[in-house]
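Written out below as structure tokens is the structure these notes cover.
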Amino acid sequence: MNAEHTTEASEIRGGGDPLAIMYVLAAVAMGIGALIVVVLMFVPSDWSQRRSAEDVWVPGQTEWEPLSVSAGLDEPVGVTEVSPGHYVVVMEAYNWAFRPNEIRVPVGSQVTFRARSAQDYHGLALVGTPVLLSLQQNTITEASHTFEEAGEHLFVCSEYCGAGHVSMTGRVIVQ
Ligand code: CUA
């Protein structure tokens, strides 16, 4: 009885309709193609520049022009040591990234995140810390945290903001 069952099962598996298999393969291939097109649509044209080595932000670095043009929001993005061991990170969110998106500070630093949105509505959540900010246009919000240990903290956009939401990430590297 058991042997018969085994035979039947293998006959069913071996007897798949070749046309049906081709349809499934074609559908999978089309799905992958569509996914690639969608991903390419949302990759900014200057993506490679943004991810270059320049995109590592260290204290004292504030070169980039801010995107915000509103009065009072023209403080350049970057990382500045305002007093010994206290750093201010001026940060801007836009569709769909943060500037700066990789920040390096020494162990023991107190870091004040002073953040705003240049486009639409975003959030800033620094994993493993209480830092959680809502970022709106024409508004600056702040939160501070002291990093007692070396390591990396991921930060992400905490408000759903559209197709590129999941790509809004960055890191604070405490070294
Ligand atoms: Cu920006 Cu979600």
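Conditions tested, residue by residue: (1) surrounded by fewer than 16 Cβ atoms within 10 Å (Cβ to Cβ); (2) at pLDDT below 95.
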site: 90; (1), (2): no, yes
site: 124; (1), (2): no, no
site: 128; (1), (2): yes, yes
site: 153; (1), (2): no, no
site: 172; (1), (2): no, no
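Pick from segment 126-142 the residues that are within 18 Å of residue 169 (Cβ to Cβ) and assigned to a strand (DSSP E or B): which of them is nearest to the ligand (Cβ to nearest atom)?
135
Residues being on the phi < 0 side of the Ramachandran plot and open to solvent by less than 50 Å² (accessible area, probe 1.4 Å): count how many of those fall in segment 135-151. Write out each step before concluding.
Here is the first cut: in segment 135-151, the ones on the phi < 0 side of the Ramachandran plot are 135-137, 139-150.
Narrowing further to those that are open to solvent by less than 50 Å² (accessible area, probe 1.4 Å): 135, 141, 143, 145, 147.
The total comes to 5.
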Item to check | Qualifying residues in segment 103-120 (those that are within 16 Å of the ligand (Cβ to nearest atom) and either on the phi > 0 side of the Ramachandran plot or under 15 Å from the mean Cα position of the chain (by Cα) (or both)) - the one most open to solvent (accessible area, probe 1.4 Å) | outcome: 120
Checklist entry - Does at least one position in segment 151-162 carry a residue that is among the aromatic types (Phe, Trp, Tyr) and within 16 Å of the ligand (Cβ to nearest atom)? => result yes
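Taking residue 80 as the residue in question, decide whether it is open to solvent by less than 70 Å² (accessible area, probe 1.4 Å), modelled with pLDDT under 95, in a loop (DSSP other than H, G, I, E, B) and in contact with a strand residue (DSSP E or B) (Cβ under 6 Å, 6 or more places away or on another chain).
Spelling it out, it is not the case that residue 80 is open to solvent by less than 70 Å² (accessible area, probe 1.4 Å), modelled with pLDDT under 95, in a loop (DSSP other than H, G, I, E, B) and in contact with a strand residue (DSSP E or B) (Cβ under 6 Å, 6 or more places away or on another chain).
The values are calculated or read from the model by the stated rules, or taken from the named source; none is laboratory data. Since the model is a prediction, treat every value here as computed from it, not as a measurement. Note that each Cβ is placed from the backbone with ideal geometry, even for glycine, and that neighbours are counted across all protein chains shown. Areas reflect the complete protein model, heavy atoms only, side chains present, ligands, DNA and RNA absent. Shrake-Rupley method; radii C 1.70, N 1.55, O 1.52, S 1.80 Å.
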